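**Student:** Got a structure here, written out as structure tokens. Questions coming.
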Amino acid sequence: MKSLIATCSVFLIILTTTIAAYAQRTTFTVGTATAARGQKATGIIEVPPGSDGALSIPVAVFHGAKPGPVLALVSGAHGTEYASIIALEKILNLINPSELSGTVIVVPLINIPSFEQKVPHINPVDRKSMNRFYPGKPDGSQTERASFLITKQVVEQSDHLIDLHGGDTDESLRPYSYWTKTGNQKQDQISRDMVLAFGLDHIIISTDRPKDPGASRYLENTATTRGKPSITVEAGHAGTVDTDDVSALINGCLNVMRYLKMLPGEAKAIEHPVWIEKVVTLASEQTGIFFPLVKRGTYVEQGMKIGYVTDYLGNTIFEARAPVSGVILYVCSVPSMTKGATIANVGVVLK
Ligand SMILES: [Zn+2]
């Protein structure tokens with residue numbers, strides 16, 4: 001019995017020392033950026049060449065003077081969702097590591113080829129969405145290799161993650177966030193508090209995300225399936241950088257940091273948000289010219305005409321009607337329309 005107690009105490013001492021060492025980690029490294037306590041460091045996550053070219057992803061690490069959780073803020077998986085990228089570019093100048101408790105990892109632009117070449121939705125190098133191939137592969141194409149390193153260096157080192165998106169160049173989107181319900185009550189409570197602290201007033205409850213950490217697909221889901229309470233947020237539309245969208249994203253991140261006690265001050269939560277239980281996509285049945293009849297954020301009734309498609313000589317070839325009653329989360333913002341492409345996403349409000 002005595003030896004059992006002795007063994008247990010030794011184990012406990014080792015465990016506490018390990019936890020203490022971790023909590024007081026003197027430096028924090030992501031990619032080539034190593035920050036000492038109370039310091040900021042910048043560097044790159046270097047994705048080596050493989051079947052296609054190399055990619056250098058910029059990263060900033062703010063290692064707080066006081067201990068606390070590690071939060072990752074990531075945007076630009078889609079390099080033309082500009083408002084989200086600009087929000088994180090601005091947040092780089094708003095975080096003061098000497099006043100911070102914990103550590104913030106900021107990756108403002110993953111998909112540099114998309115940004116530079118102004119190609120929406122995909123990485124033009126391998127034609128893949130940079131938010132669909134997590135947890136990635138070390139020997140895959142550029143998107144998969146980048147996703148692999150982000151999983152290892154950003155997700156695995158974090159306690160929480162916020163993935164920032166917005167409407168792409170062809171999407172007129174009203175701001176909303178996603179709350180992923182895993183079934184783990186403790187984790188779901190924290191991620192729910194995070195999404196309420198973020199403050200966007202429309203929240204999609206997602207229950208259909210993959211549960212397997214080895215096939216997590218999305219960035220936020222890569223953190224969520226690894227037991228880290230995390231959220232996805234969207235603001236910005238159709239290539240614009242509106243002050244309202246950018247401010248909503250910046251203030252949301254800072255308020256989540258208050259909720260996590262990384263910054264001083266009270267984290268005010270959004271009251272009575274609109275909870276969305278399901279998102280239904282309306283796709284075009286024809287290729288042609290799209291004319292919208294609704295704006296982002298419009299509430300529609302099932303069957304209501306929300307737009308139409310003509311051929312290139314003005315004849316209507318498809319009438320787009322709301323498949324369900326709900327709110328237009330986004331509607332196609334350009335006339336180019338192809339068969340099977342999204343006309344609008346309708347959010348069904350939880351009753
Ligand atoms: Zn996106």
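**Student:** Test of understanding: among T180, T222, which residue is buried (at least 23 other Cβ atoms within 10 Å of the Cβ), polar (S, T, N, Q), closer than 20 Å to I276 by Cα and under 16 Å from the mean Cα position of the chain (by Cα)?
**Tutor:** Working: T222 fails: closer than 20 Å to I276 by Cα.
Going through T180, T222 in turn, just one is buried (at least 23 other Cβ atoms within 10 Å of the Cβ), polar (S, T, N, Q), closer than 20 Å to I276 by Cα and under 16 Å from the mean Cα position of the chain (by Cα): T180.
**Student:** Could you check region 102-153 and list, in sequence order, the residues that are under 18 Å from G214 (Cβ atoms), without any contact (Cβ under 8 Å) to a residue 60 or more places away in the chain and among the aromatic types (F, W, Y)?
**Tutor:** F148, the sole residue that qualifies.
**Student:** Moving to a separate point now. State which residue is surrounded by the most Cβ atoms within 10 Å (Cβ to Cβ) when the search covers only region 225-279 and only residues that are within 18 Å of the chain's Cα centre (by Cα) and of a type in the set (S, T, N, Q).
**Tutor:** Per the stated criteria, the residue is S230.
**Student:** So in region 134-171, with the set limited to residues that are closer than 26 Å to I343 by Cβ and surrounded by 19 or more Cβ atoms within 10 Å (Cβ to Cβ), which one is nearest to the ligand (Cβ to nearest atom)? Can you show your working first?
**Tutor:** First, the residues of region 134-171 that are closer than 26 Å to I343 by Cβ: 163-171.
So of that shortlist, the ones also surrounded by 19 or more Cβ atoms within 10 Å (Cβ to Cβ) come out as 163-168, 170-171.
Working: D163: 8, L164: 9, H165: 3, G166: 7, G167: 8, D168: 6, D170: 12, E171: 9 Å.
Looking at the filtered set, the residue picked out is H165.
**Student:** If you don't mind, another one. Only one residue in S114, S158, S98 is farther than 17 Å from M257 by Cβ and of a type in the set (G, A, S), so which one is that?
**Tutor:** That would be S114, the only listed residue that is farther than 17 Å from M257 by Cβ and of a type in the set (G, A, S).
**Student:** Out of region 199-232, which residues are of a type in the set (D, E) and in contact (Cβ under 8 Å) with a residue 12 or more places away in the chain?
**Tutor:** D201, D212, E220
Read-outs throughout are calculated quantities, based only on the coordinates presented, and are distinct from any laboratory measurement. These figures come from a predicted structure and were not determined experimentally. Neighbour counts are summed over all protein chains in view; Cβ atoms, including those assigned to glycine, are modelled from backbone coordinates with ideal geometry.
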